[in-house]
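Asker: A single structure is presented below for examination.
The values are calculated or read from the model by the stated rules, or taken from the named source; none is laboratory data. Small disclaimer: the values here were computed from a predicted structure and weren't measured. Here the Cβ is made from the backbone with ideal geometry for all residues, glycine too, and neighbour counts use every protein chain on show. Quick note on the areas: whole protein, heavy atoms, side chains included, nothing else; ligands and nucleic acids left out. Shrake-Rupley method; radii C 1.70, N 1.55, O 1.52, S 1.80 Å.
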Amino acid sequence: MAEPSAATQSPSVSSSSSGAEPSAPGGGSPGSCPALGAKSCGSSCAVHDLIFWRDVKKTGFVFGTTLIMLLSLAAFSVISVVSYLILALLSVTISFRVYKSVIQAVQKSEEGHPFKAYLDVDITLSSEAFHNYVNAAMVHINRALKLIIRLFLVEDLVDSLKLAVFMWLMTYVGAVFNGITLLILAELLIFSVPIVYEKYKDTSKTPWNRKKKGRISTWKPEMQQLLKHHLIVITLLLVL
């Protein structure tokens, strides 16, 4: 009678051991994004790694180029900024093309066009891909239209009042900042606050670790002071 009981217990043990194995890929590895599984860790992980400076060169390039673009738009018109960018790009490509042509003429080599590898790349957009992008965009457009109609035609009075109060507060924000200034401020905060928080946060005090008398703070005192001074300096620089 002992053998059947052992036989009946063995499937449960094997199933429990086999059920524990699939959870490893979705678990939190050191290089993966927090609270994201393997399937959803796509563009969200890329943005997470970007704002947390996982790759310093990549983040520095993105941060530097976007900040220069925004500062240029704050000082010059859009037409001037676009024209200068195109001129700078053409200057680099034409100079490189002439340089390679001179080198080939001197060395009497037949390497061909220096950008031939990029010229041969197929960048045509197929109709199927175009329709997929359009369908994905239409979902968001229809959702936005429904939200606008619901708010402006007062389907819910509370939501419409919230929008009115928010727009009233934005009039005061618009009196101090313009759109480009707000974008510059948002970029500086996005690329600075997460890395400062990660550096100075107290790992022993996480949101799920709570005392019996209430929730404890997850921010160190020196981090609060650092972020406060950081925000004050950025705001003063943009206002002045």
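Asker: Beyond 15 Å, what percent of the Cα pairs of region 42-93 remain?
Answerer: Pairs farther apart than 15 Å: 60 percent.
Asker: Now for a different question. Give the ranking of MET167, MET69 by solvent-accessible surface, highest area first, calculated with a 1.4 Å probe.
Answerer: From most exposed to least exposed: MET167, MET69.
Asker: On a 32 Å Cα-Cα criterion, which of the cross-link pairs LYS57/LYS201; LYS57/LYS162; LYS58/LYS116; LYS57/LYS116; LYS58/LYS100 come out too long?
Answerer: Over 32 Å apart, Cα to Cα: LYS57/LYS162.
Asker: Which FRET efficiency value, to the nearest 0.05, do you get for VAL56 and TRP168 by plugging their Cβ-Cβ distance into 1/(1 + (r/R0)^6) with R0 = 45 Å?
Answerer: 0.60
Asker: Also, I was wondering about something else. How big, in percent, is the set of alpha carbon pairs in region 37-150 lying more than 17 Å apart? Numbers along the way, then the final one.
Answerer: Working: 5081 of 6441 pairs.
When every Cα pair of region 37-150 is considered, 79 percent fall beyond 17 Å.
Asker: What Rg and what Dmax come out for region 98-197 when only alpha-carbon atoms are used, in angstroms?
Answerer: Just the Cα atoms of region 98-197 yield Rg and Dmax of 26.0, 78 Å.
Asker: In nm, to one decimal, how far is the PHE177 label point from the GLU155 one, both placed 7 Å along Cα→Cβ?
Answerer: So the two model labels end up 3.1 nm from each other.
Asker: Ranked from highest to lowest mean number of other Cβ atoms within 10 Å per residue, what is the order of the peptides 185-196, 115-126? Kindly include the intermediate steps, with their values, before the conclusion.
Answerer: Details: 185-196: 15.4, 115-126: 7.9.
Peptide ranking by packing, descending: 185-196, 115-126.
Asker: ALA137 to LEU71: extension gain in nm, 0.36 nm per residue of separation minus the Cα-Cα distance? It would help to have the intermediate numbers written out before the result.
Answerer: Numbers: separation 66, 0.36 × 66 = 23.76 nm, distance 2.95 nm.
Fully extending the segment from ALA137 to LEU71 adds 20.8 nm.
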